[in-house]
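Asker: Below is the structure I would like to discuss, written out as structure tokens.
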Amino acid sequence: MKQTLKQLQNLKGNTRISMLTAYNCPVARSIEQAGVPIILVGDSVGMVEMGFSSTRDVTMDHMVYHVGAVRRGAPNTHIIGDLPHLSYESVEDAVANAKKLVAAGADSVKLEGPYFDAVKAIVAEGIEVVAHTGLTPQKATSFKKVGKEAAEAEQILQDSVDLQQAGAGMIVLEHIPAELGVKITQALTIPTIGIGAGGDTDGQVLVINDALGIGDYWPPFSKQYAHVTETISQVCAKYRQEVENKQFP
């Protein structure tokens, strides 16, 4: 049954929270059937599904389309819609675009970085917000781990506290040292969801393509539970052979 972020907050300290990304209806349906409580329709779609070299190429139109597809596949799962690059630079844009994702089917929206005023404004409209700190791909110049230096770690911790204070109901911590993930998790009352942030956050999120082993490169902090790319290649080759040999149909 679909839960709000407020309800999911009750899991902190009791039950580890699993989250997967999804970008289409069939995968979303499978995730819901597996009982995963949260689906993130991430702007990662740009790199893992659309062939872009960066998430910065993803637009609001792209996100609205994919949120709608995922909602049709997972009507009973909490869906987070990513606000893409440059869609929340002003408070007005943040609110307007958050409303678009909710209208498409999102239950909450996620934004990257210390956009405290945007978080406050979106929450004031009755929309739940997931924050995201640590490595923030929309603005990052590299994908190296962040927060290894004391000053940077302290800033990430302070941003996390301030994002919670602004009204965020959950926060994603990306590619930071495990000890910093623990420190932030202990400092906050809202759940922390790690991706390359160690094993002691309140939950974990994984890009579905990484979990399935689709592609030819995966982040070092991910895990491949299958290697579906190999299966797809084998199926396509077998189909081609059967067509050429008049074995199919």
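The values are calculated or read from the model by the stated rules, or taken from the named source; none is laboratory data. The structure presented is a predicted model; accordingly, all values stated were derived computationally and were not measured. For neighbour counting, all protein chains shown are included, and Cβ atoms are generated from backbone atoms with ideal geometry for every residue, glycine included. All accessible areas refer to the heavy atoms of the entire protein, side chains included, with ligands and DNA or RNA removed. Shrake-Rupley method; radii C 1.70, N 1.55, O 1.52, S 1.80 Å.
Asker: I need the shape label for segment 202-245. Rule: rounded when a/c is under 1.5, else prolate if a/b > b/c, else oblate, with a, b, c from the alpha carbon gyration tensor.
Answerer: Details: a/c = 5.34, a/b = 3.59, b/c = 1.49.
The shape class here is prolate.
Asker: What's the magnitude of the charge dipole for segment 61-153 around its Cα centre, counting Lys and Arg as +1 and Asp and Glu as -1 at the beta-carbon? Answer in Debye, nearest 20.
Answerer: Details: 10 positive and 12 negative charges, 72 e Å.
Roughly 340 debye, rounded to the nearest 20.
Asker: Let me ask something else. With a 1.4 Å probe and all protein chains in place, put I171, I195 in order of accessible area, largest first.
Answerer: Details: I171 0, I195 25 Å².
Output order, biggest surface exposure first: I195, I171.
Asker: Moving on to the next point. Quick check: residue separation of K99 and A178 times 0.36 nm, minus the Cα distance between them. What number comes out in nm? Could you put the intermediate results ahead of the total?
Answerer: Numbers: separation 79, 0.36 × 79 = 28.44 nm, distance 3.44 nm.
Result for the pair: 25.0 nm of gain on full extension.
Asker: Classify segment 1-49 as rounded, prolate or oblate, taking a ≥ b ≥ c as the square roots of the eigenvalues of its Cα gyration tensor: rounded when a/c is under 1.5, otherwise prolate if a/b is larger than b/c and oblate if not.
Answerer: prolate
Asker: Give the aspartates and glutamates reachable from K2 as a straight Cα distance under 20 Å; neighbours fewer than 8 places away on the same chain don't count.
Answerer: Once the sequence-local aspartates and glutamates are set aside, what remains near K2 is E32, D82, D107, E128, D202.
Asker: Here's a follow-up. On a 0 to 90° scale, report how tilted helix 91-104 is relative to the longest principal axis of the chain, with both axes built from alpha carbons and the result rounded to the nearest 10.
Answerer: The angle comes out near 40 degrees.
Asker: Starting from the Cα-Cα distance between A34 and L11, subtract it from 0.36 nm times their residue separation and give me the gain in nm to one decimal. All intermediate terms of the calculation are to be shown ahead of the outcome.
Answerer: Details: separation 23, 0.36 × 23 = 8.28 nm, distance 1.82 nm.
Gain in length upon complete extension: 6.5 nm.
Asker: Now for a different question. By per-residue mean of other Cβ atoms within 10 Å, what is the highest-first order of 240-249, 136-145, 24-33? Before the final figure, lay out each step's value.
Answerer: Working: 240-249: 9.5, 136-145: 13.4, 24-33: 17.6.
The peptides rank, most packed first, as 24-33, 136-145, 240-249.
Asker: Sticking with this structure for a sec: Work out the charge dipole of segment 172-249 with +1 on the Cβ of Lys and Arg and -1 on the Cβ of Asp and Glu about the Cα centre, then indicate which of F248, T229, G196 is farthest towards its positive end.
Answerer: Most positive-ward Cα: F248.
Asker: Rounded to the nearest 10 degrees, what's the angle between the helix 60-73 long axis and the longest principal axis of the chain, both from Cα atoms, 0 to 90?
Answerer: Between helix and principal axis, roughly 70 degrees.
Asker: What dipole magnitude, in Debye to the nearest 20, does the chain give about its Cα centre under +1 on Lys/Arg Cβ and -1 on Asp/Glu Cβ? Each step should come with its number before you reach the end.
Answerer: On the way: 21 positive and 28 negative charges, 149 e Å.
That gives the chain a dipole magnitude of about 720 debye.
Asker: Another question about this same structure. Grab the eigenvalues of the alpha-carbon gyration tensor for segment 1-118, scale each by 5, take roots, and send me the semi-axes largest first in whole angstrom.
Answerer: Details: eigenvalues 98, 64, 32 Å².
Here the semi-axes work out to 22, 18, 13 Å.
Asker: Let me ask another. For the pair T229 and Q241, how long in nm is the line joining their label points, each one 7 Å along Cα→Cβ?
Answerer: A separation of 2.2 nm, rounded to one decimal place.
Asker: Within the set K6/K144; K110/K148; K183/K223; K12/K145; K145/K223, which residue pairs have Cα atoms separated by over 21 Å? Walk me through the numbers before you get to the answer.
Answerer: On the way: K6/K144 32 Å; K110/K148 24 Å; K183/K223 24 Å; K12/K145 25 Å; K145/K223 17 Å.
Result: K6/K144; K110/K148; K183/K223; K12/K145 exceed 21 Å.
Asker: Quick check: from the Cα gyration tensor, does the chain come out rounded (a/c under 1.5), prolate or oblate? Walk me through the numbers before you get to the answer.
Answerer: Numbers: a/c = 1.81, a/b = 1.55, b/c = 1.17.
Prolate shape, in that a/c is at least 1.5 and a/b is the bigger ratio.
Asker: Using a Gaussian network for the chain with springs between C-alpha atoms less than 10 Å apart, which of these wobbles most: A153, A69, A96?
Answerer: A96
Asker: Can I ask one more? Measuring with a 1.4 Å probe in the full set of protein chains, what accessible area per residue, in whole Å², belongs to the chain? Don't skip to the answer; put the middle values down first.
Answerer: Values: 12220 Å² over 249 residues.
Ligands and nucleic acids excluded, the result is 49 Å² per residue.
Asker: Accessible area of the chain with a 1.4 Å probe: how many percent of it is carbon plus sulfur?
Answerer: On the way: 6520 of 12220 Å².
Here it works out to 53 percent.
Asker: Just tell me which lysines come within less than 24 Å, Cα to Cα, of K246; anything on the same chain fewer than 8 places away is out.
Answerer: Partners found: K238.
Asker: Quick one: if you take sqrt(5λ) for each eigenvalue of the C-alpha gyration tensor of segment 149-249, what semi-axes come out, biggest first, whole angstrom? Each step should come with its number before you reach the end.
Answerer: Working: eigenvalues 386, 33, 18 Å².
Result for segment 149-249: semi-axes of 44, 13, 9 Å.
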